[in-house]
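Working notes, beginning with the structure itself.
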Amino acid sequence: MVKVRLLQLGALAAVSLLWALIAAVGLVSSTALPGPASVAAALGDLLGSGAFWQATGETLRGAVTGLLVAIAVGIPVGLVTGVYAAAEESSRLLMEILRSFPVIALLPVFLLVLGSTPGMKATVVFLACVFPVLLQAQYGARSVSQSVHETVRGYRIPRMLRMRRVVLPAAAPSIMTGLRLAATTSVLVSIGVEVLTTLPGMGHMIMESQQAGASAEAYAYILTAGAIGYTITLLAQRAERRLLRWRPPAHAGEE
């Protein structure tokens, strides 16, 4: 584990060094690609600014709202369609059609219907996140073997109890994978909506910084967005390990 971390830090240091070298040589204009020292200085200034934290809060608010609604809708629908073949077959065409639409391409429609509001941003985030959660829950529900279903029916266990005690634990690993993907996507989509609209947040601050010629500040916001995404991934992985600690190791049968 330590060796892996060292390799990761080495790769990060190499990229940073290459970035600094490109900026120092002048292969790219400083307006398009400021040096890492300039970006670090701009980030330090932003961390002491109330506007920075307000923008970050607006981005996370839209991301979390849309993600929570996606979880509340995606997990139950995924479990039901994963358990009952009739429900899956009847909804398959609708699901495939809805999945095919690029969410950002639908942004003008949402602007016309909902206006440039926080609710519109949360709606776009919801649509981007619900299908990863739903499909992973559906896949996990399908992993329950037929013999288990027959045993449950033989003991006449009520449907809600079966969902809660049999299907949900079996689908939990797949659901956690979907949640991890959706959590990162929620932040990216929230920022994307802010870039393309007038809604406040990190995306809007990136556009304002670029238009004002403060490219170092724009890159500082971009790096912050990346750090948030990475932090979300780490937290999701830790939560997955804690919630699924009952699951045996993947190679336990080989030992």
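The values are calculated or read from the model by the stated rules, or taken from the named source; none is laboratory data. What you see is a predicted model, and the numbers here were worked out from it, not measured in a lab. Here Cβ is always computed from backbone atoms with ideal geometry, including for glycine, and neighbour counts include all displayed protein chains. All accessible areas refer to the heavy atoms of the entire protein, side chains included, with ligands and DNA or RNA removed. Shrake-Rupley method; radii C 1.70, N 1.55, O 1.52, S 1.80 Å.
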Sparsely packed trypsin sites (Lys or Arg not before Pro) within the stretch 150-255, loop by DSSP, other Cβ within 10 Å at most 10: Arg156, Arg245
Largest-first ordering by accessible area, 1.4 Å probe, given options Trp19, Trp53: Trp53, Trp19
Sequence of His149, His204 from largest to smallest accessible area, 1.4 Å probe: His204, His149
Spherically averaged projected area of the stretch 122-225 from its Cα convex hull (nm²): 7.9
Calculated [θ] (222 nm, deg cm²/dmol) that DSSP helices of n ≥ 4 give over the chain, each run adding -39,500 (n - 2.57): -26500 deg cm²/dmol
Cα centre as origin, Lys/Arg/Asp/Glu Cβ charges: the stretch 1-144 dipole, Debye: 260
Within the stretch 41-109, trypsin sites (Lys or Arg not before Pro) in DSSP loop having at most 10 other beta-carbon neighbours inside 10 Å: none
Equivalent ellipsoid semi-axes - Cα gyration tensor, the chain, angstrom: 41, 25, 14
Of the chymotrypsin sites (Phe, Trp or Tyr not before Pro) in the stretch 122-155, those whose Cβ has at most 11 other Cβ within 10 Å and which sit in DSSP loop: Tyr155
Unit charges on C-beta of K, R, D, E only; dipole of the chain, Debye: 1200
Extended-chain gain in nm, criterion 0.36 nm per residue less alpha-carbon gap, Leu244 and Ala37: 70.3 nm
FRET efficiency estimate (nearest 0.05) - Cβ-Cβ, Leu161 to Leu94, R0 30 angstrom: 0.55
Estimated distance in nm for a label pair at Glu208 and Ala105, the labels positioned 7 Å out from Cα along Cα-to-Cβ: 3.2
Efficiency of FRET between Ala14 and Ser49 - r from beta-carbon atoms, R0 35 angstrom, step 0.05: 0.65
Using θ = phi - 60° and Karplus 6.51 cos²θ - 1.76 cosθ + 1.60, couplings along the stretch 71-79 (whole Hz; Gly, Pro as x): 5, 5, 8, x, 5, x, 5, x, 5
Protein accessible area in the chain, 1.4 Å probe - carbon and sulfur %: 67
For the stretch 38-49, 3J(HN,Hα) per residue [Karplus equation, 6.51 cos²θ - 1.76 cosθ + 1.60, θ = phi - 60°, Hz, x = Gly/Pro]: 5, 5, 5, 5, 5, 5, x, 5, 5, 4, x, 9
Whole-percent pair-distance distribution, where bins are 10 Å wide, for the alpha carbons of the stretch 1-91: 13, 19, 21, 23, 15, 9, 0
